[in-house]
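Below is one structure, written out as structure tokens, with a few remarks after it.
Just so it is clear, none of the values below were taken in a lab; they were calculated from the coordinates. The model shown is predicted, which means the values in this text are computed figures rather than measured ones. Every residue, glycine as well, gets a Cβ built from its backbone with ideal geometry; the counts of neighbours run over all protein chains shown.
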């Protein structure tokens, strides 16, 4: 699988039995369809949060191809204090998050135990991703 | 099982004979339609017309089937597995699947466990192929491995092993090829007809010959040939499907008997039918070989004549009506209960094959299944006349996430990924395209050498 | 002329009867071999279990430092089972081993790190599968015995069975989860 941003082959990272696809050049994360639900547990709530943001905020970001089917991915904006713009495959192959976006979504998206554990997990995996928003800006001019 | 196998064999041979006749008939019809002329032979006063075209067509039809059948037979399971895009795996690639296959081979008393293949597809399906129990193979999709728990997987594998033990696999292969050949021949025939317009060939013959009675007879024969060419593929498929459906029931019964746990297969079938991931690479002729028809997946299959498989709901209902029993007789009784008395077509000989036995209890890790099974059959307790089923310790059950990861790793290993275990607990999986010589662990920052391509 | 025909007819009938007896005899032999094979499969799987236990103990030792006694019990039970001869002794030893193993897995519940260890999980899978195989091998044995015994009892094969002294095999009976005894099996 190729990173939709830098076209490098992506790695798979497994920690404590949980896996995600990662680009080791830009630290973007790909989640296959259904994996975010597995990470979060509560599907209904996640879905509401994931599409709560103003779509206008997404216009600035460049569009990207789905790493699985090459179709142009759509943009979605989350709710919360600092809305995150992420990409989704129109053919439901999965979701793409730029550096730190996933952590930000999980931190804002839910307060229940399962998600908190996942946030912990992500902090373990990416110890250097402290302030996702600023880093994202510098990575995607 | 010997009686059952013998009866199966007899029926198979009969059906094969009939299909062969059909194939030759189609060959004749096509040959006759293309070259209807026959030179009159003077045989001691009587004039005989030899339909050379028809005979040639028969020869070609037989050859078309024979070559494919021979190739399939001599290669055993390999050809079919290759056609299905399945890859052979070793024990270390997926120990759980291998163990389940070996357990079921023991239960079915196969001379040796079949080879194990994986189909890189996220749909849920499985099939068996091979010449005989000594040259057999079982293939399951990656989706099946990641979605089913151990009991369900065991049920599906037991169903496939039952196909092998019942000698279904060779027959299904040969008959499948025959159906394929008939379809192929008629398709070629209609294409030839379309482009060359057989009537036009009359141009090169004298008008007179077609005007007399002999010409009319030929025309009638031509019409018969056409009708045969249209009807034969349908007839062949009907025959094949009718027979394969019967075999599906028998294999379901086998699956319940070998595992002594009908609920495993029942819930597996339910899971499979709830996941209509269609597999488009499946050819029509191979469809009957899968545990559920991949081409009918998704659409609620009504019990029609053209179904290769009985409707899943019905199969599940029969398995769940076995009332805690785990023998062929229990399956037959359940079948009669679901479909009305007299529905069960399990050979009487098979009914005497297994002692009256109780189904075993489910694994403790599956609370719902355990409750249903416990309600049906008290643990370890069998009917007074029967032989008790050995009760077994609960199986450690992999979580859905673990199953998904194991399956993913299996596919990655098959696709030449390289694996690095970092001391910090991170496991890095590198695709074959990853060309950099070193990789940095995201968590602890340790630099790892990338191993050479395997 | 007439006498020759009658003689030929009698000869033909005799040949048919002989062929029929041979057919049934071969069937009986095949079934008896199936019973024997099924029986030896149980032994194969029991041996497999013996072979797995040192591995299990080795892997668990690093995590379960305060469970010397549990380990000793398992190793002892395993050695006993390996040495046991004769069905009765073997049966007792194997059930002792099963008991020791289930005690061991109860203790393992207190060691989550061990339970999550990949290596341990692998051995546990193998051990579970072996227990399953033992169960299925016994089940297959009983199925084979059932078919064989039916054939011996039923007409007309019972005549041939009587002629050649085929005797019924015993079922593998288990009264409860702890397998009490291995029944004597005689193959004539």
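Take every Cα pair under 8 Å in chain C that's 6+ residues apart, average their separations, divide by the length, and report that relative contact order as a whole percent.
For chain C, the relative contact order is 30 percent.
Protection proxy ranking for C:104-116, C:49-61, using the average of other Cβ atoms within 10 Å per residue and placing the highest first: C:49-61, C:104-116. When all alpha carbon pairs of region B:409-454 are counted in 5 Å bins from zero, the resulting P(r) reads 5, 23, 32, 23, 15, 3 %. Placing R0 at 30 angstrom, the Cβ-Cβ distance between residue B:440 and residue C:61 gives a FRET efficiency of 0.30 after rounding to 0.05.
Of interest is the spacing of the C-alpha centroids, which for region A:54-93 and region B:402-454 amounts to 28 Å. Between 0 and 90 degrees, rounded to the nearest ten: what's the tilt of helix C:87-108 against the longest Cα principal axis of chain C? So the inclination is approximately 40 degrees. Annotation for residue A:91 and residue C:36: the two label points, set 7 Å from Cα along the Cα-Cβ direction, are 5.9 nm apart. Under the shape rule built on the C-alpha gyration tensor, where the axes satisfy a ≥ b ≥ c, region C:38-180 is prolate, since a/c reaches at least 1.5 and a/b is greater than b/c.
Per-residue shielding of B:417-424, expressed as the average number of other chain Cβ atoms within 10 Å of the residue Cβ, stands at 2.
Take each residue in B:98-111, count the other chain C-beta atoms within 10 Å of its C-beta, and the mean is 5. Partner shielding of A:12-22 amounts to 6, given as the average count of beta-carbon atoms from other chains within 10 Å of each residue beta-carbon.
Kindly identify region B:74-160 as rounded, prolate or oblate by the Cα gyration tensor criterion: order the square roots of the eigenvalues as a ≥ b ≥ c, call it rounded if a/c is under 1.5, otherwise compare a/b with b/c, prolate if a/b is larger, else oblate. The shape class here is oblate. Taking Cα atoms only, the orientation of helix C:118-153 departs from the longest principal axis of chain C by about 20 degrees.
What ranking of A:101, C:69, A:19 emerges when the number of other C-beta atoms within 10 Å of each C-beta is taken as an exposure proxy, fewest first?
Sorted ascending by nearby Cβ count, the order is C:69, A:19, A:101.
Helices in chain C, meaning DSSP H runs of at least 4 residues, each add -39500 (n - 2.57). Divided by all residues, the mean residue ellipticity at 222 nm is -27500 deg cm²/dmol.
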